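Participant: What follows is a single structure, and I will ask about it in a moment.
What follows is calculated from the coordinates using simple rules that are stated; it is not laboratory data. Computed from a predicted structure; not experimentally measured. Backbone-built Cβ (ideal geometry, glycine too); neighbour counts: all protein chains shown.
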Amino acid sequence: MSGSNQITIYHIYPHENRKKHHKHIQSEVDFSKESPRGAAKRELRKKKQKTESVAVEQSEDDDKAFFLHKPYLAFHSPPKVLYNGPDKKAKPVVLIHAGSFWREYKLQYGDSLAARNVIDPRGVVKWKHNGGTKEELKLDDRKLKGYKVRTRRFWGEQGKTYVRQVQTNRQNGTGDDPNVVVGGSGNEGQQIAKAEGVVYLRWERPFSLKTRQYKFTYADVEFRWKGTKSVRKSGLFGVFMRYTQLKLEAQLPATISGKEAGTSVCLGKYISSVSKQKHGRLELYGEAISNLRDHITRLAMKNGVNENQTEKGKSLRDTELYQLIIATAMCMIQSEKQKRAAAGKWIKDALEGGGDGGGE
């Protein structure tokens, strides 16, 4: 990640590639008196032939990163977790529930997710914080869905040490069993966590010429990730860049803009990468986001919300608005990537089918 006071740039990598950077190793040898056939010159030519791949260890930029974790639990589909930091040790801030065919994403957010013992080492909500049956979860979308620790851990599931410790405790009759709820059946006997808020990101126009458009609403402000053609690049594939970028716009109501409803402001943009090692680059405009956050805070206080209930004292990246922008960007980025992959497969299958059908 890199940034300035005005623009913050996030480089989006798959987990296994996020710390790999290519750089040239600079030699400290003085070549001014060296023969063209000397050992130092030969070493320099070798270094020029190959760029070394250096795994960057912990750096100061890591503390400013976000990490999206996709937990795996056999026969279940737990939500992804967005962490405000470089790994699972950071503060969890958003749970992302994906719908089918990229149509809808449900985002649960709030400080309650970071409370002790809400999310376990597997990366899922503990059973003791389960909000109820499927019907009860639908009636109150702020309730969390919890997951039990099974007697058997399936291959590929995370939290191996945690699961084994739970199994050992059960065998020895020691410690607390995370599946046992205090107060009997159901979770009435204890305080269970709830999300402070819920936002729905929806693919707005799947069957139109504007397919790259996603909408969500926060604090009565409408936000849209939408296709844009503002970035152009030269080169063989430069013409296709217009189809791989999106921008985020906020549609300001009259109460915030001071003008007629419909005024919009651009908060950031995303440019995808053709590299398999990297998803793309996300640029966020800090001043525009900060101004919008301040307007939302002032409007909330004007409507009777206590100042202590607002996020006035938080840094920008720690606010709900900023974290929801990051979370919706991750949904949009993965949705676009998966749709392009699906479209490519359909085209390939169609061409192969056409070729097979051409013979006798």
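Participant: So who's got an amide H within less than 5 Å of the one on Gly268, skipping anything under 5 residues away but keeping other chains? H placed 1.01 Å off N, in plane.
Facilitator: For Gly268, whose amide H was placed from the backbone, the distant partners under 5 Å are Leu248, Tyr285.
Participant: Taking amide H positions as placed in the peptide plane 1.01 Å from N, state which residues far from Gln213 in sequence (5 or more) or on other chains have amide H under 5 Å from it.
Facilitator: Sorted by chain and number, the residues that satisfy this are Glu204, Arg205.
Participant: What is the distance, in nm, between label points placed 7 Å from the Cα along the Cα-to-Cβ direction at Lys312 and at Val274?
Facilitator: About 5.1 nm separates the two model spin labels.
Participant: Something else: From the backbone phi of the range 79-92, what are the Karplus-calculated ³J(HN,Hα) couplings (6.51 cos²θ - 1.76 cosθ + 1.60, θ = phi - 60°) in whole Hz, Gly and Pro given as x?
Facilitator: 3J(HN,Hα) across the range 79-92, in whole Hz: x, 6, 10, 9, 10, 8, x, x, 7, 5, 7, 7, 6, x.
Participant: On to the next question. Could you tell me which of the pairs Lys126/Lys194; Lys145/Lys215; Lys126/Lys160; Lys134/Lys194 are separated by over 19 angstrom between their Cα atoms in the structure shown? Don't jump to the answer; show the numbers that get you there.
Facilitator: On the way: Lys126/Lys194 12 Å; Lys145/Lys215 24 Å; Lys126/Lys160 15 Å; Lys134/Lys194 15 Å.
Long pairs (Cα-Cα over 19 Å): Lys145/Lys215.
Participant: Suppose the chain between Thr217 and Arg142 were pulled fully straight at 0.36 nm per residue; how much longer would it get relative to their current alpha carbon spacing? Could you put the intermediate results ahead of the total?
Facilitator: Working: separation 75, 0.36 × 75 = 27.00 nm, distance 1.57 nm.
So the extension gain works out to 25.4 nm.
Participant: Got a sec to turn the phi values of the range 143-155 into Karplus ³J(HN,Hα) couplings, 6.51 cos²θ - 1.76 cosθ + 1.60 with θ = phi - 60°, whole Hz, x for Gly and Pro?
Facilitator: 6, 9, 9, x, 9, 6, 8, 7, 6, 10, 9, 7, 4
Participant: List the residues of the range 113-127 whose backbone N lies under 18 Å from a point placed 7 Å from the Cα of Gln191 along the Cα-to-Cβ direction.
Facilitator: Only 113-119, 126-127 fall inside the zone, counting backbone N under 18 Å.
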